[in-house]
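Each remark here refers to the structure printed beneath this line.
The values are calculated or read from the model by the stated rules, or taken from the named source; none is laboratory data. Since we're looking at a predicted model, the values are computed, not measured. Glycine gets a Cβ as well: all are built from the backbone with ideal geometry, and neighbour counts include every protein chain shown.
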Amino acid sequence: MQITPNGQEPIVSPRVPVAEEKLNILGLDRAELKQAIAEIGVPEKQVRMRTTQVWHWVYHRGVTSFDDMTNVSKDVRAKLAEHFIIKRPEIVEAQYSEDGTRKYLVRFSDGNEAEAVYIPEEDRGTLCVSSQVGCTLNCKFCHTGTMRLVRNLTAGEIVAQMMIARDDLGEWENPTEGRRVTNIVMMGMGEPLYNFDNVKKALEIIMDEEGIQLSRRRITLSTSGVVPHMERCGKEIGVNLAVSLHAVRDDVRSEIMPINKKYGLEEVLKACANYPGAHNARRITFEYAMLKGVNDSDADARELVRLIRKYKLPAKVNLIPFNPWPGTDYECTDWNQIQRFSDIVYEGGISAPIRTPRGRDIMAACGQLKSASEKKSKAQMAREAEAAAANDTVAEPHHTSTGLT
Ligand code: SAH
Ligand code: SF4
């Protein structure tokens, strides 16, 4: 079942793009790939082996042409090419920051766009992946929340962000050594738990041991606190959890994150305490954007410590200096106060590093992602926030028939 904010059928791209006759196999899971290969008339005895081979070429070697699958017999290769394609979405724009950060604007077959960001550090390279075009949740400080168009990304579109980054980084040549994308964070555009099935499928493909082989320990999913699906995330996907907290009182949190009216602070924290596999070796990360005069007082820091202790949470806090974007009402807390806040939380026995903003020069930092899509009007935002509160549901996705093109 797909999860949508309003419980309706989600709108997703058809598996076979309308304009193309051939099936894009990127994003099929193994069982689907096997079935597809069986259906095109590959001899039954060979189906298993061919599936393994194709999977390896697509996900371990990154090939995009069946001709390159040299251990597959010529006639089978021809059959595959007759029915299938291995196609990435288009990179509309790749921006490289002075600090090594790379931002990709990706356009899917229906014209919708999303962003992925690659952030190199000394000991790792993290790819920040989007799960939706836009986001229905309209957190007030987040640029993505102002996008008018929202739809779930398919599993293929989520996996494709990884493929594109690896293409750009030249990573396929030597898949195990010299890996450049070592970690994934589902922290791009969208709320991943509102697109649970596709995110799960995509991450399973990415974790597959005969494919991209990224360990679940190196994958973090960030949620704004969609309580009913948090446990499923731990049980069914098993990745690390990050929770966007951003406030320690319900009134403040509801003001900046409308979803708090549905799933309040205490409920979110309880769900964290019950997160499968949450123990010291695998702590939950709380994200906390520092908003001047809103959530950044000493008392807020002390309350944060109290709450984490109250629920006995194996947690660390990531303090994110607020990243301003054109038209925002918020400002970032002064550096001294961020430091003070961090110290208070540390003194409470909880690690609270301050996240260094990366890729600011290319607007790639946290919460700045927003493709060229039209902006929601203020009235639209207000209506959605109201709907979220009144109907006990979060706002519905918006679609236009024209897409973005
Ligand atoms: N929708 C998910 C994941 C994507 S957002 C979520 O909300 O958790 C990744 C992180 O960046 C979240 O913690 C989000 O709240 C934070 N963020 C959004 N806008 C920001 C901004 N302008 N400055 C700093 N952090 C921001
Ligand atoms: Fe959506 Fe996350 Fe941005 Fe909130 S912070 S609007 S949940 S992407």
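Per the listing Tyr263, Tyr346, the residue uniquely closer than 22 Å to Phe141 by Cα and either away from ligand 1 (no atom under 16 Å from the Cβ) or out of contact with any Ser or Thr (no Cβ under 7 Å at 6 or more places or on another chain) (or both) is Tyr263.
Does Glu121 fit the bill of being over 16 Å from the mean Cα position of the chain (by Cα) and either more than 14 Å from ligand 2 (Cβ to nearest atom) or under 21 Å from Cys332 (Cβ atoms) (or both)? Taking the combined requirement at face value, the residue satisfies it. The residues in segment 102-136 that are within 16 Å of ligand 1 (Cβ to nearest atom) and outside any strand (DSSP E or B) can be counted, and the count is 6. Does Ala364 qualify as being crowded, with 21+ Cβ neighbours inside 10 Å, touching a strand residue (DSSP E or B) at 6+ places or on another chain (Cβ under 6 Å) and at pLDDT below 95? Judged against the criteria, Ala364 is a match. The C-beta contact set for segment 137-160 (first residue under 22 Å from Met363 (Cα atoms), second residue within 8 Å of ligand 2 (Cβ to nearest atom) and part of a helix (DSSP H, G or I), distance under 8 angstrom, 6+ apart or interchain) comprises Leu137/Gly145; Leu137/Ile259; Asn138/Gly145; Cys139/Gly145; Cys139/Ile259. For first residues located in segment 43-71 and farther than 17 Å from Glu82 by Cα, partners that are basic (Lys, Arg) and lie 6+ apart or on another chain with Cβ distances below 8 Å form the pairs Arg48/Lys34; Trp55/Arg30; Gly62/Arg166. Checking every residue in segment 208-223 against the condition of being touching a residue at least 40 places away in the same chain (Cβ under 8 Å) and within 12 Å of the chain's Cα centre (by Cα) gives at least one match.
Exactly one residue among Ala114, Ala94, Ala81 is small (Gly, Ala, Ser) and not assigned by TED's automatic domain parsing to the domain that holds Gly225, and that residue is Ala81.
When segment 308-332 is filtered for residues that are within 16 Å of ligand 2 (Cβ to nearest atom) and among the acidic types (Asp, Glu), only Asp329 remains.
Within segment 269-308, the set of residues being among the hydroxyl-bearing types (Ser, Thr, Tyr), farther than 14 Å from Ile320 by Cα and touching a Leu at 6+ places or on another chain (Cβ under 9 Å) comprises Tyr275 only. Summed over segment 137-155, the residues that are away from ligand 1 (no atom under 12 Å from the Cβ), modelled with pLDDT under 90 and in contact with a helix residue (DSSP H, G or I) (Cβ under 9 Å, 6 or more places away or on another chain) give a count of 1. Among the conditions (1) under 16 Å from the mean Cα position of the chain (by Cα); (2) on the phi > 0 side of the Ramachandran plot, Gly170 misses just one, which is (1).
The single condition from (1) in contact with a helix residue (DSSP H, G or I) (Cβ under 9 Å, 6 or more places away or on another chain); (2) aliphatic (A, V, I, L, M); (3) within 14 Å of ligand 1 (Cβ to nearest atom); (4) under 26 Å from Gln132 (Cα atoms) that Ile256 fails is (1).
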